[in-house]
1. Extent of region 379-427 along each principal axis, from alpha carbon coordinates, in Å, largest to smallest?
2. Quick check of the Kirkwood formula: for region 183-300, what is the inverse mean of 1/r over all pairs of different Cα atoms, in Å?
3. Mind running the shape call on the chain? Use the C-alpha gyration tensor, a ≥ b ≥ c as the square roots of the eigenvalues: rounded below 1.5 for a/c, prolate if a/b tops b/c, oblate otherwise.
4. Once you put a point 7 Å from the Cα of ALA34 and another 7 Å from the Cα of VAL166, both along the Cβ direction, what distance in nm separates them?
5. How long are the semi-axes of the equivalent ellipsoid of region 89-210, defined as square roots of 5 times the Cα gyration tensor eigenvalues? Whole Å, largest first.
6. Around VAL413, under 10 Å between beta carbons, what's the net of Lys plus Arg minus Asp minus Glu among the other residues?
7. Under a GNM of the chain (C-alpha, springs under 10 Å), which listed residue has the highest mean-square fluctuation: VAL392, VAL81, VAL216?
8. With an 8 Å Cα cut-off and a minimum separation of 6 or more residues, compute the relative contact order for region 187-234 in percent.
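The values are calculated or read from the model by the stated rules, or taken from the named source; none is laboratory data. Remember, predicted model here, so these are calculated numbers, not experimental data. Neighbour counts are summed over all protein chains in view; Cβ atoms, including those assigned to glycine, are modelled from backbone coordinates with ideal geometry. Side chains are part of the model used for accessible areas, which takes the heavy atoms of the whole protein and leaves out ligands, DNA and RNA. Shrake-Rupley method; radii C 1.70, N 1.55, O 1.52, S 1.80 Å.
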Amino acid sequence: MITSTADATGLCRFVDASPSPFHVCATVADTLRAAGWTELRETDGWANAGLASEGRFFVVRGGSVIAWDARGVDSSLFRIVGGHTDSPNLRVKQHPEYISAGLAMVGLEPYGGAWLNSWLDRDLGVSGRLALRGEGGVRQVLVRIDDPILRVPQLAIHLSEDRKGVSLDPQRHVNALWGVPGGIGFLDAVAERAGVAADDVVGWELMTHDLAPSAVVGAAGDLVSAPRLDNQGTCYAGLRALLDAVDRPSDAIRVLALFDHEEVGSNSDRGAASDFLITVLERIVLARGGDRDAFLATMAGSVCASGDMAHATHPNYPERHEPSHTIAVNGGPVLKVNQNLRYASDATGEAVFAMACADAGVPLQRYVHRADLPCGSTIGPITATRTGLSTVDVGAPQLAMHSAREVMGASDVASYSAALQAFLAPA
Ligand code: ZN
């Protein structure tokens with residue numbers, strides 16, 4: 001039986017600290033630094049960075065982060081838990097300000113498959129990063145505003161055509177109220193809150209977030225209500241698994257790889273389809289004294305668990321789910337299989353994760369999407385294609401995926417993390 005330090009309250013704290021992918025990386029980095037990890041920069045040489053003698057490092061590329069623990073490991077096999085840092089949301093346009101019906105507005109654009117109705121009538125804050133002109137080049141700062149400065153009002157029911165709700169146009173219907181015209185401009189306000197001169201802001205990636213705090217809910221505290229559980233549920237469980245695995249003997253380097261841009265296809269400088277993971281893994285092998293042949297041999301023997309949240313069977317829509325494959329909230333981690341490879345799991349990967357769950361002493365649930373509904377995907381097939389790593393797709397059950405507010409089981413937080421820990425450092 002594995003013990004886990006992951007719990008529902010810790011997940012709530014993690015999510016509330018991490019409104020954007022950049023803040024996820026900052027939260028992970030702060031936690032790792034406090035636990036003795038050292039940050040490496042991609043622009044530095046790693047040959048003399050101590051990788052051969054020290055074990056715990058991480059590297060950040062924009063909204064993506066890779067961390068590893070190689071202490072006490074002689075071989076260079078990798079056990080990798082992957083995930084993604086981004087979540088669907090509403091993001092700020094380049095010329096966001098305009099006036100409509102006498103009100104100052106901020107133009108927003110959906111990112112990924114945001115469930116647009118869930119973003120209406122919420123108090124929204126803003127977070128992301130600013131790129132500043134500086135003496136030596138561009139400088140970046142993170143910004144977050146946790147005051148309710150934006151709000152997307154929905155149409156009054158009396159103004160809808162049939163009182164059954166309206167279908168939302170992503171161009172016209174998700175722009176936010178900023179206030180009345182004549183006050184401070186939106187970007188000036190963001191710069192002010194970031195403590196920088198507005199004239200120095202020459203680039204930005206800004207997005208909105210629901211300000212209601214994450215909470216443990218339900219009659220007996222059995223549930224977690226939070227934004228961004230897809231996929232910060234995995235980011236948190238994977239991080240705790242990496243930290244908890246420190247005392248387990250292992251013959252593999254334990255890796256946590258969290259990528260930005262999964263919700264829009266992973267094709268970017270830092271997405272799962274980029275060179276980030278494979279470059280970092282090769283540099284680890286080289287800096288530990290191996291050569292290119294040793295790296296390729298390492299990759300052939302390594303394995304990746306692609307962690308992403310899974311669909312629990314919805315109590316109001318049980319017919320939307322595959323019969324005989326009920327996925328229970330608080331029923332334990334989920335193994336995801338798709339014959340058309342929307343998930344990367346194969347028999348070998350399934351076996352590795354099933355044994356990890358048995359090692360952790362947690363039940364395993366097996367998910368199959370209905371054949372007559374389009375199945376979502378994960379970073380799993382992408383990293384498998386990019387790296388050749390044997391890969392299995394896993395997750396924890398949740399409801400309301402891609403809503404501004406999602407829900408999962410409180411006890412699944414620890415059981416998911418325990419399974420990932422056993423995967424990272426098998427008995
Ligand atoms: Zn996801």
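1. Here the Cα extents, ordered largest to smallest, are 35, 29, 10 Å.
2. Working: mean 1/r = 0.0528 Å⁻¹.
Its Kirkwood hydrodynamic radius stands at 18.9 Å.
3. Details: a/c = 2.03, a/b = 1.29, b/c = 1.57.
Verdict is oblate for the chain.
4. 4.5
5. Values: eigenvalues 177, 45, 26 Å².
Sorted largest first and rounded, they come to 30, 15, 11 Å.
6. Working: positive: ARG240; negative: ASP7, ASP412.
Residues near VAL413 contribute -1 overall.
7. It is VAL216.
8. 20
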